[in-house]
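Novice: Sharing a structure here in structure tokens format.
The values are calculated or read from the model by the stated rules, or taken from the named source; none is laboratory data. A quick note: this is a predicted structure, and the numbers were derived from the prediction, not measured. Note: ideal-geometry Cβ built from the backbone for every residue, glycine included; neighbour counts use all protein chains shown. Heavy atoms of the whole protein, side chains included, go into the accessibility calculation; ligands, DNA and RNA do not. Shrake-Rupley method; radii C 1.70, N 1.55, O 1.52, S 1.80 Å.
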Amino acid sequence: MLRVKEGSANRLHYQGNVLEVECRRSKDVETLLWAWYRQRASIKFSDYFLPLAERFKHYGVAPAGMEIKEMKTRWGSCDNAGVISLNIRLICASRICIEYVIVHELCHLVHRNHTKAFYELLSQEMPGWEKWKMKLERLLL
Ligand SMILES: [Zn+2]
């Protein structure tokens, strides 16, 4: 539940299932909420990301970093420098779906493109990944 009230400061308080946003001006609500999402996402995604990245050391690769971004059409990406970006909207997805996106991007550290070898590695690291991909696609609609 979201409760918004006017106050003397901009702050956010979360207890039980109530998220209380106190703000000086009502137009600050969105900014405050995004900051909160971003903070939650960075804790949660790092938690899932680090052990998975550790596993890929086995292939002699390591990501250069992890970023959280707002993306319209993709759940994740991996740039040429090896920085993996995750869509902040994944905060609404289940752990296994978030892990699927992370594993998919980590596989790109080994194989740049969606080749047969890429999908073989993905299936090896995450058997049954198709199911989680489908679940995520439904979430986008
Ligand atoms: Zn890909």
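Novice: Compute the long axis of helix 29-55 from its Cα atoms, compare it with the longest principal axis of the Cα atoms of the chain, and write down the angle in degrees, 0 to 90, nearest 10.
Specialist: Rounded to the nearest ten degrees, it is 30.
Novice: Let me ask something else about it. State the Cα centre-to-centre distance between the stretch 94-113 and the stretch 1-75 in whole Å.
Specialist: 20 Å
Novice: Oh, and also: Taking 26 Å as the cut-off for C-alpha to C-alpha distance, list the pairs among Lys72/Lys133; Lys44/Lys116; Lys69/Lys131; Lys5/Lys69 that go past it.
Specialist: In this structure, Lys44/Lys116; Lys5/Lys69 lie more than 26 Å apart at Cα.
Novice: Continuing with the same structure: Pairing the Cα long axis of helix 129-140 with the longest principal axis of the chain, what angle in degrees results, from 0 to 90 and rounded to the nearest 10?
Specialist: 30 degrees
Novice: Here's something else I'd like to know. For the stretch 2-140, what relative contact order do you get, as a whole percent, if you take Cα pairs closer than 8 Å and at least 6 residues apart?
Specialist: Answer for the stretch 2-140 is 16 percent.
Novice: How much area per residue is accessible in the chain when the probe is 1.4 Å and only protein heavy atoms are counted (Å²)?
Specialist: 62 Å²
Novice: Only Lys, Arg, Asp and Glu count, each charged at its Cβ (+1, +1, -1, -1), so figure out the dipole size of the chain about its Cα centre, rounded to 20 debye.
Specialist: That gives a dipole near 320 debye.
Novice: Would you calculate a helix-derived [θ] at 222 nm for the chain, using -39,500 (n - 2.57) for each DSSP H run of n ≥ 4 and dividing by the full residue count, to the nearest 500?
Specialist: -15500 deg cm²/dmol
Novice: Just add up the charged neighbours of Gly7: K/R +1, D/E -1, any other residue whose Cβ is under 9 Å from the Cβ of Gly7.
Specialist: +1
Novice: Mind ranking 6-13, 85-92, 65-72 by how tightly packed they are, going by the mean number of other C-beta atoms within 10 angstrom, highest first?
Specialist: 85-92, 65-72, 6-13
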